[in-house]
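Novice: If you scroll down you'll find the structure; I have some questions about it.
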Amino acid sequence: MENKMDKKTKRLALAGLLSGVTLLLTLISLPLPSGYGYVNLGDGGVYLCAVLLSGGLGALAAGVGAALADLILGWAMYAPVTLLIKGLTALLAGLILRKAKRMATPLSLLCCLLVPLGYFLYEAVLLTAPVAAVNILPNTLQAVLGAGLGTLVGRRLPQI
């Protein structure tokens, strides 16, 4: 029988691994049409964090992995908001997936709307609303694709 410490250690190791996966998936990127920011596959990692870890640890792993990518790719001005947006997305999706049974996946996919909304609000303040509006569609497509893929893959992996 596995003791609590073994389970905590496994979850912590998984969080580090998933943070790295989120970082690597986020580094696979293309510039956004506005010239500010980029689209990437990182939301798949965010949803893997939500499915496999849920809660605060999943949110931390998702947010840190995505924010580190911003720093590495030269978009440091986005790192704090990325930490918040991706962390919140993973937190809410993970909670929904853990609590809701039949409607869990569709409800958790709604969480991906936090991504375009969060970045639009941030960019509207930082840049201008018209510049931010150009990024809504690519951010939405990125979030929906990542949510679908991350949830699909995460549901097929063993849970800790």
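Novice: In contact with a strand residue (DSSP E or B) (Cβ under 9 Å, 6 or more places away or on another chain), free of Cβ contacts under 8 Å to residues at least 60 places away in the same chain and buried (at least 24 other Cβ atoms within 10 Å of the Cβ): which single residue out of A62, A69 fits that description?
Specialist: A69
Novice: Moving to a separate point now. Find all pairs meeting these conditions: Cβ atoms under 7 angstrom apart; at least six residues apart or on different chains; first residue within the range 144-159 and in contact (Cβ under 8 Å) with a residue 60 or more places away in the chain and surrounded by 15 or more Cβ atoms within 10 Å (Cβ to Cβ); second residue part of a loop (DSSP other than H, G, I, E, B) and not β-branched (V, I, T).
Specialist: G146/L41
Novice: What's the number of the only condition in (1) assigned to a helix (DSSP H, G or I); (2) under 22 Å from A15 (Cβ atoms); (3) touching a helix residue (DSSP H, G or I) at 6+ places or on another chain (Cβ under 8 Å) that Q159 fails to meet?
Specialist: (1)
Novice: Considering each of L127, L109 in turn, give the residue that is modelled with pLDDT under 95 and more than 17 Å from the chain's Cα centre (by Cα).
Specialist: Going through L127, L109 in turn, just one is modelled with pLDDT under 95 and more than 17 Å from the chain's Cα centre (by Cα): L127.
Novice: So, one more: Can you name the residue in the range 72-109 that is small (G, A, S) and within 14 Å of A50 (Cβ to Cβ) and, of all such residues, is surrounded by the fewest Cβ atoms within 10 Å (Cβ to Cβ)?
Specialist: A100
The values are calculated or read from the model by the stated rules, or taken from the named source; none is laboratory data. In this text, all values refer to a predicted model and were calculated from it rather than measured experimentally. Cβ atoms come from the backbone with ideal geometry, glycine included; neighbour counts cover every protein chain shown.
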